[in-house]
Structure formats: C-alpha cells, structure tokens
Amino acid sequence: MDNNYRLPTGKEILFILIAFMITMFVVVIYLELPIQLALLLIWFIIIPVGLKIGHSYNQLQAGLCKGIYEGMEAILVMISIGALIGTWIASGIVPSIIYAGLHIINPTFFLVTAFIICMVTSLATGTSFGSAGTAGIAMIGVGTSFGLPLALVAGAVISGCYVGDKMSPLSDTTVMTASLSKVDLFDHIKSMSFVSIPSIIITLILFGIINLTIKSKDGSLAQAEKAMGQLNDQFNISWWMVIPLIVVIVLLALKIPSVPVILFGSLLGVIWAVWFQGIPFVESIKILYRGNDISSGVPFIDNLLNRGGITFMLETVLLVIIALGIGGLMEAIGVTQKISDMFSKWASDPGRLTVTTLLAGIFGNVFGGAAYVSLLTATKMTEKNYDKLKIKRTVLSRNTEAGGTVTTPMVPWSDGGVFMATTLGVSTIHYVPFLWYPIVVIIISIIYGFKGIFMWKSDEYYNEENMETENGLANKDKNKNIVSS
C-alpha cells in the first residue's frame with residue numbers, strides 16, 4: 001500500500017476551514033439551497049487537498065466510507081424514531097403530552113410556563129424546530145397579548161425547545177452524538193441529565209424572577225385555550241396515552257437495545273391508534289412509513305402533527321450521511337489529528353478538555369452552520385484526548401451536546417439561528433442574551449470540568465489502577481517472605 005503522504009499544513013487546514021464557511025454561507029444563506037448540497041460540495045474541497053498531500057483517491061474514499069459506517073447506528077435509530085413519531089402522533093400519545101403542557105399556562109409566571117410547554121413539546125417530539133414552529137409560535141402570540149418583550153419570550157421558547165433537542169431519545173442530534181461518541185444512547189442521556197436537570201431548575205428560577213419584575217398586561221389565554229380545544233377535537237386525549245411511553249422508558253432502562261425497543265414502541269403506537277383513535281389497522285401500519293397526515297383546517301394542528309414516518313427522516317438521514325462523510329475525510333487526511341494534537345498540548349486536565357470540546361462544538365456551528373457539523377467537530381477533534389486522560393466517552397458526548405447542539409441558535413447564520421429568528425420574528429442578536437438554558441448548560445459543564453464533578457474515569461483507568469494495586473500487594477508479600485526467611 002502506498003503511504004507516501006503527509007499531514008496537512010496549517011495553511012491547508014485554514015484553507016479548508018475558510019472554504020467550508022464560505023460554501024455554507026453562499027449555498028445556505030445567500031442562495032437558500034439545502035444544507036445537504038453545501039455539505040456535499042465540501043467533499044470536493046477536502047478531496048483535492050487530500051490528493052495534494054499524497055493520498056490516493058481510493059484511500060480518501062475508504063476514509064469517507066469509514067466515517068459513514070461509524071455513524072450507521074445513528075441512522076438505524078433515526079429510521080426507527082421516524083416510525084415512532086408517526087404512530088405516536090396518530091395514536092394521540094404526543095397530542096396528549098402537548099395538551100398537558102398547554103393546560104399548565106399561568107399568566108403570573110408566563111415565561112416559566114412557556115419554557116415548560118416548549119420543553120415538554122420538544123421532549124415529546126424530539127425536534128426544536130417543530131416545537132418552535134408550533135408551540136413556540138403560540139407562546140409568542142400569548143406573550144404579545146401580555147405585553148412582554150418579544151426577545152425575552154423568544155429566549156424562554158428557544159431555551160425550552162433545546163431541552164428536548166438535547167435530551168430527547170427521539171432527537172436526531174441526541175442519537176447522532178451518542179453514535180459519534182461510541183456510547184449507548186441512554187447512557188448518553190443519563191450523563192447529560194447531570195448537567196441538564198440543574199440547568200433546567202436554574203433556568204426556571206431565572207425566568208420566574210424576571211417574570212415577577214416585569215409588569216405585564218392582563219392578556220388573554222384565548223390562543224392556548226383554542227389550541228387545547230383543537231387538540232381535543234382531533235384526538236381522544238386521555239391518561240391512557242402515557243402507557244406506551246412508560247413501557248418504552250422501562251425497556252430502555254433495562255438496557256434492551258434501542259432500535260428494537262423503539263420499533264416495539266412504534267407497534268404500540270399502531271395498536272393505540274386503532275384502539276383509541278379508531279384508525280383502521282392497515283392505515284395505522286402505513287403511518288409507520290409515510291407519517292401522520294391530517295387535514296384539520298387548523299394551521300397550528302397541521303403544522304405540529306403532520307410529521308413522522310420513515311420517509312419523514314430521509315432528508316435528515318441524507319444530511320447525516322454526508323456530514324459523516326466529511327468527518328471521515330477530515331480524519332483520513334489528518335485534519336482532525338492535527339487539530340487534536342494542538343488541543344492535546346493544552347488540554348492536559350479535565351477542565352481544559354471540557355473547554356476544548358465546547359470550543360470545538362462552537363467552531364462547527366460557526367464554520368459549518370449546522371448542529372450536525374458541530375457534533376462532528378466536537379467529537380472528532382477531542383475524542384482521543386478523552387481516551388488519553390482515561391475519561392469516559394459519556395463525558396465526551398455530554399460536553400459535545402453542550403458545545404454543539406445548544407449553541408446552534410446563538411449563531412445568526414447557522415440553520416438553528418436562521419430558523420428561530422425567521423419563525424419567531426425576533427433577531428438572533430436580540431434573543432441571545434435570554435437563552436438562559438444553553439448559557440447555564442455551558443457554565444455548569446465548565447464548572448464540572450475544572451472541579452472534577454461527574455468527570456467519570458473510564459474502565460481502562462480502573463483496570464490499570466487495580467493492576468497497580470495487585471502488583472503492589474504482590475511486591476509487599478514478596479518482601480515480607482524475604483524478610484521472614
């Protein structure tokens with residue numbers, strides 16, 4: 001095999017990064033073309049650099065395919081989740097959860113309830129975009145009627161939406177991060193909970209305090225009540241709807257593999273759709289593939305609930321495949337190794353390692369313009385440093401989401417920043433100061449890193465420690481025998 005190649009120089013890496021950012025900006029922002037096309041074009045920026053530094057095309061293609069192969073588990077889970085979302089909407093499971101969220105609106109603590117409603121919606125659906133485009137828009141309307149600053153309401157909405165984007169097992173970013181970090185999906189979520197739960201509590205307190213200090217008009221709950229009425233008209237809302245959710249959570253807690261559990265949850269959704277919503281069995285099975293499709297005549301209901309199904313995930317699957325290919329190419333030509341080496345010289349302890357992971361995620365959002373890219377940069381650029389310091393990969397996955405997923409809406413030209421600003425009618429620069437959940441997540445992650453809190457050591461660390469202990473005891477016994485003899 002021809003190994004007559006070298007690592008890229010700093011100038012060559014800088015060229016790739018600048019070309020990356022320009023391509024994303026021109027294709028996605030200026031031409032308003034799909035991000036998949038931008039990422040595909042980036043393949044043809046990286047490949048010539050790889051050929052220039054001595055790689056053959058076959059080597060580059062092998063690296064590209066290797067990157068995609070390493071993310072195949074995420075793709076399988078995404079396909080399964082597509083089926084789950086479709087049947088859980090049609091069966092009334094997701095609508096019942098959203099209905100419960102809308103039911104808790106309280107004018108006195110509107111920002112708190114807006115945050116909770118968007119959080120519940122995003123956890124139930126696994127999408128920050130879908131939650132912002134439906135429950136988020138409703139909260140903007142209600143907040144306007146209360147006379148609250150729209151930037152503040154948008155901050156509460158987006159903060160709530162990104163709880164689910166970061167934590168929900170139905171979220172593609174959650175699944176992708178677990179796969180890239182090579183950890184179990186629910187071990188990843190469990191690790192994130194140590195940061196997310198205190199972050200949620202602090203965020204609720206902050207929005208509660210600001211709610212008490214701002215004078216608002218009496219306003220009207222008409223929009224929320226209208227939405228609840230629409231959900232009630234379209235679906236049989238009942239507490240029975242939480243049973244499939246509980247079953248899936250219990251099975252996953254028992255460490256049963258996620259793909260069969262999620263598909264079993266989809267089957268329960270089919271049964272619930274037939275039993276509680278009166279949908280014919282064959283039609284319910286079709287929803288597994290094509291997703292839910294209703295024409296209620298009510299934009300709120302149609303926008304929120306016409307989603308799911310395997311076909312619904314195909315664009316996302318394509319995006320992930322292309323993004324994984326970029327990661328594979330960057331690794332094959334040595335870009336990630338070079339940057340990782342730079343990081344490793346500075347990231348000599350858990351605190352610094354946490355900071356480098358967060359910066360690598362932000363780097364991906366700034367230069368790549370998408371959460372998927374940030375997840376790639378954060379994992380690929382820092383994973384070896386976690387192994388070097390013998391820190392568990394679940395800490396890597398947790399920090400990756402803190403630097404990648406939740407910082408996406410903070411970048412004005414990223415897909416998250418553009419979507420949130422356009423959908424909610426509030427510019428990024430105005431709502432960023434009120435994105436308290438993402439900000440608190442970052443702060444807590446850094447504190448954990450430097451204080452060594454929940455920075456678990458890997459099994460390799462404990463195996464080496466046990467070997468050292470055993471060797472020490474053996475030497476002690478040996479010396480004791482020598483003395484006694």
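Listed values, structure above:
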quantity	calculated
The range 33-61, residues that are polar (S, T, N, Q) and assigned to a loop (DSSP other than H, G, I, E, B)	Ser56
First in the range 111-128 and more than 13 Å from Val94 (Cα to Cα) and modelled with pLDDT of 85 or more, second anywhere and polar (S, T, N, Q) and open to solvent by 30 Å² or more (accessible area, probe 1.4 Å), Cβ under 7 Å, 6 or more apart	Thr113/Asn106
Residue check, Ile271 farther than 24 Å from Thr113 by Cα, modelled with pLDDT of 80 or more and outside any helix (DSSP H, G or I)	no
Selected residue (criterion: nearest to Leu206 (Cα to Cα)) from residues of the range 151-178 that are open to solvent by 10 Å² or more (accessible area, probe 1.4 Å) and in a helix (DSSP H, G or I)	Ala151
Subset of the range 328-382 (residues that are on the phi > 0 side of the Ramachandran plot, within 19 Å of the chain's Cα centre (by Cα) and modelled with pLDDT of 85 or more)	none
Test: residue in the range 106-113 that is open to solvent by less than 10 Å² (accessible area, probe 1.4 Å) and within 16 Å of Leu231 (Cα to Cα)	no
Selection from the range 274-290 of residues that are touching a residue at least 40 places away in the same chain (Cβ under 8 Å) and among the β-branched types (Val, Ile, Thr)	Ile279, Ile287
Within the range 221-268, considering residues that are farther than 21 Å from Ala90 by Cβ and open to solvent by less than 30 Å² (accessible area, probe 1.4 Å), the one modelled with the highest pLDDT	Ser258
Residues satisfying the stated conditions in the range 86-105, i.e. aliphatic (A, V, I, L, M) and open to solvent by 10 Å² or more (accessible area, probe 1.4 Å)	Ile97, Ala100, Ile104, Ile105
Members of the range 48-79 found to be under 18 Å from Ile18 (Cβ atoms) and open to solvent by less than 20 Å² (accessible area, probe 1.4 Å), listed by number	Val49, Gly50, Ile53
Boolean, Leu33 is more than 20 Å from Lys380 (Cα to Cα), open to solvent by less than 90 Å² (accessible area, probe 1.4 Å) and not small (Gly, Ala, Ser)	yes
Members of the range 412-435 found to be among the aliphatic types (A, V, I, L, M) and assigned to a helix (DSSP H, G or I), listed by number	Val418, Met420, Ala421, Leu424, Ile429, Val432
Flag for Phe20 being open to solvent by 90 Å² or more (accessible area, probe 1.4 Å) and either touching an Asp or Glu at 6+ places or on another chain (Cβ under 8 Å) or among the hydrophobic types (A, V, I, L, M, F, W, C) (or both)	no
The range 114-136, residues that are buried (at least 24 other Cβ atoms within 10 Å of the Cβ) and among the β-branched types (Val, Ile, Thr)	Ile117, Thr121, Thr125, Thr134
Of residues in the range 186-207 being of a type outside the set (Ser, Thr, Tyr) and open to solvent by less than 10 Å² (accessible area, probe 1.4 Å), the one nearest to Leu424 (Cα to Cα)	Phe207
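The values are calculated or read from the model by the stated rules, or taken from the named source; none is laboratory data. None of the values given here were measured: they were computed from a predicted structure. Every residue, glycine as well, gets a Cβ built from its backbone with ideal geometry; the counts of neighbours run over all protein chains shown. Calculation scope for accessible area: heavy atoms of the full protein, side chains included, ligands and nucleic acids excluded. Shrake-Rupley method; radii C 1.70, N 1.55, O 1.52, S 1.80 Å.
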